[in-house]
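**Student:** Mind looking over this structure? Questions follow.
The values are calculated or read from the model by the stated rules, or taken from the named source; none is laboratory data. Not measured: the values here are computed from a predicted model. Cβ sites come from the backbone with ideal geometry, for glycine too, and all protein chains shown count toward neighbours. SASA here: full protein model, heavy atoms, side chains in, ligands and nucleic acids out. Shrake-Rupley method; radii C 1.70, N 1.55, O 1.52, S 1.80 Å.
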Amino acid sequence: MRGLLGFFGTRLVRAVVAVWLVSTVVFVVMRLSGDPVPLLLPPDAPHSEILRVRKDLGLDRPIGVQYAVFLGNTLRGDFGRSIHFREPAVTVVRGYLPASLELGLTAFALAVVAAVPIGLLSAVRRNTALDHAAMGFALIGQSAPTFFIGILFILIVSLGLGLLPTGGRGDWRHLVLPALTLGAFAMASIARLTRSAVLEVLRADYIRTARAKGLAERLVVAKHTLKNAALPIVTITGLQFGTLLGGAVVTETVFAWPGIGRLAVQSIYNRDYPVVQCTVFLSALMFIAINLAIDVVYGFLDPRIRPR
Amino acid sequence: MASSIPVSVPADAVALAAAEPHPRGRAMPWTARVGVAFVLLLAVAGAAAPWLAPYDPTRQALRGRLGRPTLAAADGKSHLLGTDHLGRDVLSRVIYGARVSLVVGLSAVVVGGLLGSALGIGAGFRPGWIDSTIMTVADAQLAFPFILLAIGIIAVLGPSFPTLIVVIGLSGWVSYARILRSQVLVLRSREFVESIHALGGSVARVVLRHIVPNVLSTIVVIATLELARAIVLEATLSFLGLGIQPPTPSWGGMVFEGREYLDSAWWISTSPGVVLMLTSIVVSRTGDWLRDVLDPTLRGE
């Protein structure tokens, strides 16, 4: 039990350090990126007005003080007021978050629901036409740039066949193409890994034993293989969920999807520091939390790795 | 996972493993041959672009805008891949675009490879605070949607070739560092390294003469896989308007420019996009093959 606690403790400390490093990098990059005040005011604003706004935003204080204030506020979940939207950054991001969650969760669900059976089938029917076709598609999904997958979907499905809208958020038909685009990489990776994990297990002695005692092939796969192949699949599935956050930036831009990825890109162009800090920090926090959760699940599933 | 224990792969062991009968054999499969041929073709096309490209890639011809791919257009000129919204020849731009992709991609791989290898070998060789600092930074970087950081840095410094190369290079150092660290950890406790220490060999000598040659094949494998990633990242940044700036032709930028004309002139986006996709697939496939031949223990990293 001590070993287990120690394992989780180390992971937790690492996660906290990672969150701190991420927020520091965000602070440094955003402060390097120039003065936002001229963007806020008309070009003929008097100098006194510029100074007043800088003071309001705390930009006139020493950089060390700004950093300390920033860390304290971050801990309380306060990222300041959006320069562009003129309301608290957290409120702005919260408004865009549901769209991103809707897209991200749909993409993730699509990826897992499709990829695990495909990978399993590919492994069981190894070297058949089905296996080659599935793995060929997986290779394309893993290597092709997300933005071009999106463009191809728009070109073929929306413009060519006229089946689905080209962008924006609305009913389920608006969701299909962005979700497929965003999920493509995860789907491909999970399918490939599921295939190799299942193949690995199928070579094990206990599978030969199960077959030798006359167990039906279906039961061999269902009872002995999937359970033992689950560990690596759980790991990559969690990791892929994290990479969806990065892919969302591109996908949301291609499909004009009103989520936090597109918000982050636009806020960078607007030099809207508070919103950028908030989106990046939230994304990193989600990513780190997911990784921590995977480690914990892993620790419970596989006793061998606990002592570390 | 930091808890996995990778097996060391000294150069002699690789040779032994390769000598054993292997289901795939040592011969290059046809996919890898096609891949290498394709990359060479791209490199030649990029290098010889001024002679190969049928037209000047930036010359506009407003009367021949959005021309369909054709061998003989109305103005008596042939545009194999059509013309774009400014009447520029798409084929010529795709050929010139290969230059940008390969120059940025290869340079970024050199930057990331040198940095990541140095830090990874350092971390493996000097356990303690150096090691934990490097690995914590690596973890933090992996915990970060890097594309956001890249966009932020480029927005600050302004898009240019050097900025792009450094940013894309920085995005890739972690894979080298993590994998090399684990290999060096094992190597440094092996007899041949310890005996050189005992004989009074300096650290620099041990690292340069004995560690680096043993991890070189690993570096080559990671670098190939990283090249595919670097090319895609450059295209993605150019697509978002943060990479190579117009009028210099880059594949990502061309896909972006053609986006508004998808329903009337699909070839503007599709031509560079398909070449980009093929390049990425072919390079990463070559990387997979190199890994299987040079360093099978890396599978699954």
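**Student:** Within the bounds of the range B:286-299, is there any residue that is more than 21 Å from B:Leu41 (Cβ to Cβ) and part of a loop (DSSP other than H, G, I, E, B)? Spell out the reasoning first.
**Tutor:** Taking the range B:286-299 first, the residues more than 21 Å from B:Leu41 (Cβ to Cβ) are B:291-299.
If we keep only those that are part of a loop (DSSP other than H, G, I, E, B) as well, we get B:295, B:299.
Looking for residues that are more than 21 Å from B:Leu41 (Cβ to Cβ) and part of a loop (DSSP other than H, G, I, E, B), one finds at least one in the range B:286-299, hence yes.
**Student:** Which of the residues that make up the range A:145-173 are in contact (Cβ under 8 Å) with a residue 60 or more places away in the chain and assigned to a helix (DSSP H, G or I)?
**Tutor:** A:Thr146, A:Phe147, A:Gly150, A:Ile151, A:Ile154
**Student:** Separate question: Can you spot a residue in the range A:19-40 that is open to solvent by 60 Å² or more (accessible area, probe 1.4 Å), within 14 Å of chain B (Cβ to nearest Cβ), under 21 Å from A:Arg271 (Cβ atoms) and at pLDDT 80 or above?
**Tutor:** Yes, the range A:19-40 has at least one match.
**Student:** Determine whether the range A:174-181 contains at least one residue that is open to solvent by 30 Å² or more (accessible area, probe 1.4 Å), at negative phi, part of a helix (DSSP H, G or I) and in contact with a Ser or Thr (Cβ under 9 Å, 6 or more places away or on another chain).
**Tutor:** Keep residues of the range A:174-181 that are open to solvent by 30 Å² or more (accessible area, probe 1.4 Å), which gives A:174, A:176, A:180.
Of the ones still in play, those that are also at negative phi are A:174, A:176, A:180.
Okay, now just the ones that are also part of a helix (DSSP H, G or I), so A:174, A:176, A:180.
With in contact with a Ser or Thr (Cβ under 9 Å, 6 or more places away or on another chain) added as a condition, the list becomes A:176.
Within the range A:174-181, one or more residues are open to solvent by 30 Å² or more (accessible area, probe 1.4 Å), at negative phi, part of a helix (DSSP H, G or I) and in contact with a Ser or Thr (Cβ under 9 Å, 6 or more places away or on another chain).
**Student:** For the range B:256-271, what are the residues that are within 16 Å of A:Val157 (Cα to Cα), assigned to a helix (DSSP H, G or I) and hydroxyl-bearing (Ser, Thr, Tyr)?
**Tutor:** Listed by number, the residues that qualify are B:Tyr261, B:Ser269, B:Thr270.
**Student:** Is it the case that A:Ile260 is more than 8 Å from chain B (Cβ to nearest Cβ) and touching a Gly at 6+ places or on another chain (Cβ under 6 Å)? Reasoning before the result, please.
**Tutor:** Working: more than 8 Å from chain B (Cβ to nearest Cβ): yes; touching a Gly at 6+ places or on another chain (Cβ under 6 Å): no.
Taking the combined requirement at face value, the residue does not satisfy it.
**Student:** Now for a different question. Going through B:Leu233, B:Leu225, B:Leu208 one at a time, which residue ends up being under 11 Å from the mean Cα position of the chain (by Cα), of a type outside the set (Phe, Trp, Tyr) and open to solvent by 30 Å² or more (accessible area, probe 1.4 Å)?
**Tutor:** Working: B:Leu233 fails: open to solvent by 30 Å² or more (accessible area, probe 1.4 Å); B:Leu208 fails: under 11 Å from the mean Cα position of the chain (by Cα).
Step by step, each of B:Leu233, B:Leu225, B:Leu208 is checked, and only B:Leu225 is under 11 Å from the mean Cα position of the chain (by Cα), of a type outside the set (Phe, Trp, Tyr) and open to solvent by 30 Å² or more (accessible area, probe 1.4 Å).
**Student:** Would you mind telling me which numbered condition in (1) open to solvent by 50 Å² or more (accessible area, probe 1.4 Å); (2) modelled with pLDDT under 85; (3) not aromatic (Phe, Trp, Tyr) B:Ile147 fails?
**Tutor:** (1)
**Student:** When you look at A:Arg86, is it over 30 Å from A:Asp171 (Cα atoms) and either part of a helix (DSSP H, G or I) or open to solvent by 40 Å² or more (accessible area, probe 1.4 Å) (or both), yes or no?
**Tutor:** Details: over 30 Å from A:Asp171 (Cα atoms): no; either part of a helix (DSSP H, G or I) or open to solvent by 40 Å² or more (accessible area, probe 1.4 Å) (or both): yes.
No; evaluated as a whole, the condition is false for this residue.
**Student:** Any chance you could count how many residues in the range B:230-282 are free of Cβ contacts under 8 Å to residues at least 40 places away in the same chain, at the interface with chain A (Cβ under 7 Å from one of its Cβ atoms) and within 18 Å of A:Val249 (Cβ to Cβ)?
**Tutor:** 3
**Student:** So A:Gly136 passes all but one of these: (1) on the phi > 0 side of the Ramachandran plot; (2) assigned to a helix (DSSP H, G or I). Which condition number does it fail?
**Tutor:** If we test A:Gly136 against (1) on the phi > 0 side of the Ramachandran plot; (2) assigned to a helix (DSSP H, G or I), just (1) comes out false.
**Student:** Given the options A:Ala109, A:Ala129, A:Ala123, name the one that is away from every other protein chain (no Cβ under 13 Å) and within 30 Å of B:Ala235 (Cα to Cα). Can you show your working first?
**Tutor:** Details: A:Ala129 fails: within 30 Å of B:Ala235 (Cα to Cα); A:Ala123 fails: within 30 Å of B:Ala235 (Cα to Cα).
Of the residues listed, the single one that is away from every other protein chain (no Cβ under 13 Å) and within 30 Å of B:Ala235 (Cα to Cα) is A:Ala109.
**Student:** Can you work out which of the residues in the range A:60-83 that are in a loop (DSSP other than H, G, I, E, B) and small (Gly, Ala, Ser) is surrounded by the most Cβ atoms within 10 Å (Cβ to Cβ)?
**Tutor:** Let us first name the residues in the range A:60-83 that are in a loop (DSSP other than H, G, I, E, B), namely A:60-62, A:76-80, A:82-83.
Then keep just the ones that are small (Gly, Ala, Ser); that gives A:77, A:80, A:82.
Numbers: A:Gly77: 11, A:Gly80: 19, A:Ser82: 23.
Among those that are in a loop (DSSP other than H, G, I, E, B) and small (Gly, Ala, Ser), it is A:Ser82.
**Student:** Moving to a separate point now. In the range A:214-308, which helices (runs of 4 or more DSSP H) lie fully inside it and hold 2 or more residues that are more than 17 Å from the chain's Cα centre (by Cα) and closer than 23 Å to A:Gly80 by Cα?
**Tutor:** On the way: elements: A:226-254, A:260-269, A:273-301.
Per the criteria, A:260-269, A:273-301.
**Student:** Another question, then. Quickly run through the range B:284-301 and pick out the residues that are open to solvent by less than 10 Å² (accessible area, probe 1.4 Å) and at pLDDT 80 or above.
**Tutor:** Hit for the range B:284-301 is B:Gly287, nothing else.
**Student:** Restrict the check to the range A:243-258 and report whether at least one residue is more than 21 Å from A:Val116 (Cα to Cα), crowded, with 19+ Cβ neighbours inside 10 Å, modelled with pLDDT under 85 and hydroxyl-bearing (Ser, Thr, Tyr).
**Tutor:** The answer is no, given that none of the residues of the range A:243-258 is more than 21 Å from A:Val116 (Cα to Cα), crowded, with 19+ Cβ neighbours inside 10 Å, modelled with pLDDT under 85 and hydroxyl-bearing (Ser, Thr, Tyr).
**Student:** Check B:Val109, B:Val100, B:Val184 and return the single one that is crowded, with 21+ Cβ neighbours inside 10 Å, modelled with pLDDT of 90 or more and β-branched (Val, Ile, Thr).
**Tutor:** Values: B:Val100 fails: modelled with pLDDT of 90 or more; B:Val184 fails: modelled with pLDDT of 90 or more.
Going through B:Val109, B:Val100, B:Val184 in turn, the sole match is B:Val109.
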